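*Asks:* Supplied in structure tokens, the structure appears directly below.
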Amino acid sequence: MKSVFRKVGAVAASMAVVAAMALTGCSSGASSSSSEASSSSAAPQSDVQLQIFAANSLSKAMEEVQAIYTEQTGVTFADTQYEASGTLNEMLGGGAYADALITASKATMDTAVESGYVDDATRFDMFTNDLVIVSGLDSQLEDVTLEDIASGNYTLAVGDANVPAGNYAKQSLTTTTPPCWISADGTVGKDCAGKDGTFDGTPLQGKVTEGSSVGNVCNYANSGDVDLAMVYSSDVYRFGNVKQVGVAPNDTHKQIVYPAAVCADSEHAEATKEFLDWCFTNEDAIKIWQEWGFELA
């Protein structure tokens, strides 16, 4: 009997060794798979291409930032659309596809949220900017104030209702004495939307050219079509064909903020969020934004 028990015990021991080896092999395989998965997730995402809709004023800086991001991660970008913020919303409303939307005003992002174009939970403020008064490079004008504009001695270019820079400019122009722009609802300064109103009956009646983009507004000044224009400080860096001759005080208009959000229909929502976060936190990206006149919000 003892011999039988010894044989049974030997068989059991052998089976235990085999089982242990099998378990070890399984564990090793699982560990290997886990390691491969981890390595794969850290690898460049060469199969991801993002479509960005961004305010016109971001174009030069964004191109540089995207080039660095592609180099570091492998993520590529489709033909990024740079338009007036209101136009970008119209494009999304018309069925255009985008992964991210970056506008040049809170109001236009509010519209995007209300219309369901973006995921409100992903929204955050990326940059701030200043509203400045510019002239052509050959102009002799300097130290121009809003009150100088209110004198009616100069022609002026501003953005139209779809251009946030134009909205901010009109907000500022309601605060002069006398007012240079009259809002349809009678609001003034920061309380004003800067969209619906008129220059008629003001010192600027017949003296204002409205552009469909800040680029057009700058060109009007540089070409001499107008004496002055009102754009963002970053536009002076971006276009280089105008010079700053004055600043619109911050208390005359709403704070200039660039909100960003992931689009509601994005097929790469997580990758888009990672890109936007990187734009806001990476040292290389921050340096580029600052070189082009943008400040982190």
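The values are calculated or read from the model by the stated rules, or taken from the named source; none is laboratory data. Quantities reported herein were computed from a predicted structural model and do not represent experimental measurements. Neighbour counts run over all protein chains shown; Cβ positions are idealised from the backbone, glycine included. Calculation scope for accessible area: heavy atoms of the full protein, side chains included, ligands and nucleic acids excluded. Shrake-Rupley method; radii C 1.70, N 1.55, O 1.52, S 1.80 Å.
*Asks:* So, in segment 206-224, exactly how many residues are on the phi > 0 side of the Ramachandran plot and either open to solvent by less than 50 Å² (accessible area, probe 1.4 Å) or in contact (Cβ under 8 Å) with a residue 60 or more places away in the chain (or both)?
*Replies:* Taking segment 206-224 as the starting set, the residues that turn out to be on the phi > 0 side of the Ramachandran plot are 206, 224.
Subset that is either open to solvent by less than 50 Å² (accessible area, probe 1.4 Å) or in contact (Cβ under 8 Å) with a residue 60 or more places away in the chain (or both): 224.
So the count comes out to 1.
One line per residue, one yes/no per condition, for (1) open to solvent by less than 10 Å² (accessible area, probe 1.4 Å); (2) out of contact with any Cys (no Cβ under 7 Å at 6 or more places or on another chain); (3) part of a loop (DSSP other than H, G, I, E, B):
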site	(1), (2), (3)
K190	no, yes, no
L204	yes, no, yes
M230	yes, yes, no
Y237	no, yes, no
Q244	no, yes, no
L276	yes, yes, no
D284	no, yes, no
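*Asks:* Could you please give the count of residues in segment 247-258 that are over 11 Å from G189 (Cβ atoms), in contact with a Leu (Cβ under 8 Å, 6 or more places away or on another chain) and open to solvent by 10 Å² or more (accessible area, probe 1.4 Å)?
*Replies:* Selection size over segment 247-258: 1.
*Asks:* I need the full set of residues from segment 288-297 which are open to solvent by 60 Å² or more (accessible area, probe 1.4 Å) and either at pLDDT 95 or above or among the polar types (S, T, N, Q) (or both), in order please.
*Replies:* Within segment 288-297, just Q290 meets the criteria.
*Asks:* OK, next. Just checking, does segment 128-139 include any residue being closer than 30 Å to A260 by Cβ and surrounded by fewer than 20 Cβ atoms within 10 Å (Cβ to Cβ)? Outline the logic, then answer.
*Replies:* First, pick out the residues of segment 128-139 that are closer than 30 Å to A260 by Cβ: 128-134.
Then keep just the ones that are surrounded by fewer than 20 Cβ atoms within 10 Å (Cβ to Cβ); that gives 128, 130.
Looking for residues that are closer than 30 Å to A260 by Cβ and surrounded by fewer than 20 Cβ atoms within 10 Å (Cβ to Cβ), one finds at least one in segment 128-139, hence yes.
*Asks:* If I go through segment 36-60 residue by residue, how many of them are at pLDDT below 95 and either within 15 Å of the chain's Cα centre (by Cα) or of a type in the set (D, E, K, R) (or both)?
*Replies:* Count: 8.
*Asks:* Give me the pairs: first residue in segment 251-274 and among the charged types (D, E, K, R) and at pLDDT 95 or above, second residue open to solvent by less than 50 Å² (accessible area, probe 1.4 Å) and in a strand (DSSP E or B), beta-carbon distance under 6 Å, and six or more apart or on different chains, which are they?
*Replies:* Going by the 6 Å Cβ cut-off, the qualifying pairs are K273/V262.
*Asks:* Right, here's the next one. With the checklist (1) open to solvent by less than 60 Å² (accessible area, probe 1.4 Å); (2) within 23 Å of T111 (Cβ to Cβ) in hand, flag the one item D265 doesn't pass.
*Replies:* If we test D265 against (1) open to solvent by less than 60 Å² (accessible area, probe 1.4 Å); (2) within 23 Å of T111 (Cβ to Cβ), just (1) comes out false.
*Asks:* A further question on this structure: Can we say A161 is small (G, A, S) and at pLDDT below 95?
*Replies:* So A161 passes the test.
*Asks:* Something else now. Mind checking which residues of segment 192-201 are under 17 Å from H253 (Cβ atoms) and open to solvent by less than 70 Å² (accessible area, probe 1.4 Å)?
*Replies:* Applying the first criterion (under 17 Å from H253 (Cβ atoms)) to segment 192-201 yields 192-197, 199.
C192, A193, G194, G197, F199, listed by residue number.
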